[in-house]
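Scroll down for the structure; my scribbles are underneath it.
The values are calculated or read from the model by the stated rules, or taken from the named source; none is laboratory data. What you see is a predicted model, and the numbers here were worked out from it, not measured in a lab. Cβ sites come from the backbone with ideal geometry, for glycine too, and all protein chains shown count toward neighbours. Ligands, DNA and RNA are stripped out before the accessible areas are found, and what is left, the full protein with its side chains, is counted by its heavy atoms. Shrake-Rupley method; radii C 1.70, N 1.55, O 1.52, S 1.80 Å.
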There are 4 protein chains.
Amino acid sequence: MSKSEETKKKILKSAIELVADKGYASTSTREIAKNAGVSEATIFKYYKNKDQLLKKIVSKTINDFFKYSLNKSLPEVFEANKNKSIDYLLQELLTERFQFFKENSKAIQVIFQETMVNKEVREFFKNKVWTKMDELETSIIIKGKKQGLIRNIDNYFIKKALFGMIFYTVFFEEVLELDNKNKYNSEEQARAILDIIFKGIKNDK
Amino acid sequence: MSKSEETKKKILKSAIELVADKGYASTSTREIAKNAGVSEATIFKYYKNKDQLLKKIVSKTINDFFKYSLNKSLPEVFEANKNKSIDYLLQELLTERFQFFKENSKAIQVIFQETMVNKEVREFFKNKVWTKMDELETSIIIKGKKQGLIRNIDNYFIKKALFGMIFYTVFFEEVLELDNKNKYNSEEQARAILDIIFKGIKNDK
Amino acid sequence: MSKSEETKKKILKSAIELVADKGYASTSTREIAKNAGVSEATIFKYYKNKDQLLKKIVSKTINDFFKYSLNKSLPEVFEANKNKSIDYLLQELLTERFQFFKENSKAIQVIFQETMVNKEVREFFKNKVWTKMDELETSIIIKGKKQGLIRNIDNYFIKKALFGMIFYTVFFEEVLELDNKNKYNSEEQARAILDIIFKGIKNDK
Amino acid sequence: MSKSEETKKKILKSAIELVADKGYASTSTREIAKNAGVSEATIFKYYKNKDQLLKKIVSKTINDFFKYSLNKSLPEVFEANKNKSIDYLLQELLTERFQFFKENSKAIQVIFQETMVNKEVREFFKNKVWTKMDELETSIIIKGKKQGLIRNIDNYFIKKALFGMIFYTVFFEEVLELDNKNKYNSEEQARAILDIIFKGIKNDK
DNA sequence: CATGAATGAGCTTTCATTCAT
DNA sequence: AATGAATGAAAGCTCATTCAT
């Protein structure tokens, strides 16, 4: 890695750390610079302005997330898992996500924060992330219904159950460090959650 | 209401609106004053400093929440609902909460935001709110288990299912205005959620 | 005069002094503030930004100039001086201008400077000031030609002779303080200049 | 020309262009470098600091001017033009100057600007340029008076008439691009101006 | 009771400049 | 011969806060 790239990375890392902790607006470029071990001027050599630095955090994280998890088209996913059951598919999906969130917990925090207070980030999140996640989830649910595995509840609530547990985990455990952080690993978390939800939504007949 | 009190309220309301939209750190006292129709100096007549204004938003909302929902001691609650079933109890509880969140959505947003970036608020939230909510939930679950209604899953996951759905609703629907906002009223939401979760956690025998 | 207005004036005065001496771009708001005996923040209470402060200097000076000298419509001027000779008219005009330039020499310097380096000021000067001055001059010359007093030379050169001397005086004497500053008063200057030019352009027949 | 010299020239040219347009203080070394197609560091290889770059622009232009026009000592000039009339001499002189100004309009603009805002340049201009020009003009006028060609007016006004027209032309036509730029060539300009002034100052007897 | 006027401290950003390569 | 990388210093500007009225 070139010296340039290293410096750029140092800055980004420093920014993520501080912003995750104190919020974007309350983190000064001075602090970011100091924390990164570079001068303030250097930050602006690499990032046009403070906003671009934030955007980089957001977009990079989301890109990584896509690369990691969401980037395959739905037909591909289904094709690849043709003879796997729906719950296996969901299990894989959830585990993957938990894993990613754990590994990128600081950057995820930043995205959470800014989604709440920054219009641009909010729109980006809605249009780029949410839409795609929603689509994937929905299509799995529909599949499950077609196979007669899921009973007739508004998809809306099923998604709520799934997403809710994911986001609860992220927000309360990773962000606020409230709960039983690390009591279970990603795979166990996914399994336990699905155990409840599947029972809750499955067709009894 | 005295003129003083009115002014004070105007300021608080103005602050909640703006802070919910743009975040505490990005909202200037100048804007708050303008939006409230008072001078900047007036704000500082009523609130020692900007931080106190934030604290007031947080503490007032949480107090309201307690008054509204969490303020009875657990034995009282159980005594009062002695001959009601557990799911009725939870249904009531959830409905109440959804209702409160809907009515105080802006202030709740502020609490969410600041819980993420402000150490003091975070501690306050952990110690005052979370603990109490957790306690209540836990004791209900324990009760349910004793009555043989709930199967043997780590309480942790059951709470996750419950809180997750609440959280999801607040964050995604009220804060981000993403989803089917207002498709269902608070009571319907509560019922549908519990329908899934209860099936998911109930003892089958 | 209210305290506000006094402060505002102090700032403007301080700015004119410093900018005339060192140029707009090289004069910091810090210096202007210090020189005015106020804090930097106060400057920005009264002027949205540094540019607005410059604009105020320019527009105020030009407005004063118009009030002082150019604001009457041409027919008015001619009507009021119906039975005065052309050279008397020009003599009045020039004297007036010299006088104004002497009294506002610092602000005029600022306008000169910025006309050279600032697109906006340049356009403003072209459209608002130059056009009007040119119009007046031209119409006087035309009048003189009609009366058979001025020989047949391209107006362009006559204006050049007139403007040139004015300009020279301002630039070299007031701005650069080069020459015989104050050797002659405004009226004497005007008379001597016209003495030369009139001889130079008059019809000999 | 060596590569070094070429680079140095590129930088100077780039600086003149930009500074003429926006002023010295508002032109950054970054822009100059970019416009010249070199790195910022390279500028400082060739010019100790930004100020030296400005000084080079000023001194080079003035040197060129001297080489072009003012460098012969007065006796030389007169000796060389012994049997030419005064007005022929002035005509030559003016034409020469207009020509030079047209050809070096950008650099001349820089000198104008900086003469107004930069003490050092101002002194340089006063002592090196102005004095010499003034001397030449004065001696020609004196000669004219001795020959009985020029009537008894304070030299000061005669010079004002001459210089005024020159500077008007430079400032308003070259710098501000206001007027009939290029309607007349240098020689025609000189002739027309002298036509007026000579009539204006000549001895009538 | 409310505010107009003022400000010190701090922010983001740009600048001219240095230096190792 | 030229530059990529870095920076201290200073710029314009905003902020929360004070205080006399």
*Which whole number gives the average count of other chain Cβ atoms within 10 Å of the Cβ atoms across peptide A:20-33?*
3
*With viscosity set to 1.306 mPa s and temperature to 10 °C, compute the Stokes-Einstein D of region B:81-155, Rh being the Kirkwood radius across alpha carbon pairs; µm²/s, no decimals.*
111 µm²/s
*aspartates and glutamates within cross-link reach of C:Lys34: Cα-Cα under 14 Å, excluding same-chain residues under 8 positions apart?*
C:Glu17
*Please average, across the residues of D:197-203, the number of beta carbons from any other chain that are within 10 Å of each residue's own beta carbon, and give a whole number.*
5
*Expressed as a fraction of 2.2 N^0.38 Å, the rule-of-thumb size for a compact globular protein of N residues, what is the C-alpha radius of gyration of region D:51-202?*
1.06
*Charged-residue dipole, Cβ positions (Lys, Arg, Asp, Glu), chain C about Cα centre, Debye nearest 20*: 460 debye
_Restricting to DSSP H runs of at least four residues, report the calculated mean residue ellipticity at 222 nm for the protein assembly as shown, -39500 (n - 2.57) per run over all residues, nearest 500 deg cm²/dmol._
-21500 deg cm²/dmol
*Using only alpha carbon pairs under 8 Å that are at least six residues apart, calculate the relative contact order of chain D and give it in whole percent.*
22 percent
*Roughly what angle does helix C:131-146 make with the longest principal axis of chain C, taking Cα atoms, 0 to 90 degrees, to the nearest 10?*
10 degrees
*What's the average, rounded to a whole number, of partner chain beta-carbon atoms within 10 Å of each residue's beta-carbon in C:151-161?*
5
*Rg(Cα) of the protein assembly as shown divided by 2.2 N^0.38 Å?*
1.44
*Amide H neighbours of C:Ile150 under 5 Å, at least 5 residues apart or on other chains, H built in the peptide plane: list them.*
C:Lys145, C:Asn203
*Dipole size in debye (nearest 20) for the protein assembly as shown around its Cα centre, Lys and Arg Cβ +1, Asp and Glu Cβ -1?*
360 debye
*Beta carbons within 10 angstrom, averaged per residue: use that to sort the peptides C:53-66, D:32-45, highest first.*
C:53-66, D:32-45
*What total accessible area, in Å², is buried where chains C and D meet, using a 1.4 Å probe and rounding to the nearest 100?*
4600 Å²
*Per residue of region C:51-58, in order, report the coupling 6.51 cos²θ - 1.76 cosθ + 1.60 (Karplus, θ = phi - 60°) as ³J(HN,Hα) in whole Hz, putting x for Gly and Pro.*
4, 5, 5, 4, 4, 5, 4, 5
*Using only the Cα atoms of region D:1-47, each taken as one equal point scatterer with no solvent, compute I(q) by the Debye sum, divide by I(0), and report log10 of the ratio at q = 0.23, 0.25 Å⁻¹.*
-0.72, -0.84
*asked:* Order D:131-142, D:19-30 from most to least packed using the mean count of other Cβ atoms within 10 Å.
replied: D:19-30, D:131-142
*Within the set D:Lys56/D:Lys159; C:Lys45/D:Lys48; B:Lys22/B:Lys67; D:Lys45/D:Lys183; B:Lys9/C:Lys10, which residue pairs have Cα atoms separated by over 32 Å?*
C:Lys45/D:Lys48; D:Lys45/D:Lys183; B:Lys9/C:Lys10
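Just the accessible area per residue of chain A, please: how many Å² with a 1.4 Å probe?
Dividing the accessible area of chain A by its residue count gives 48 Å².
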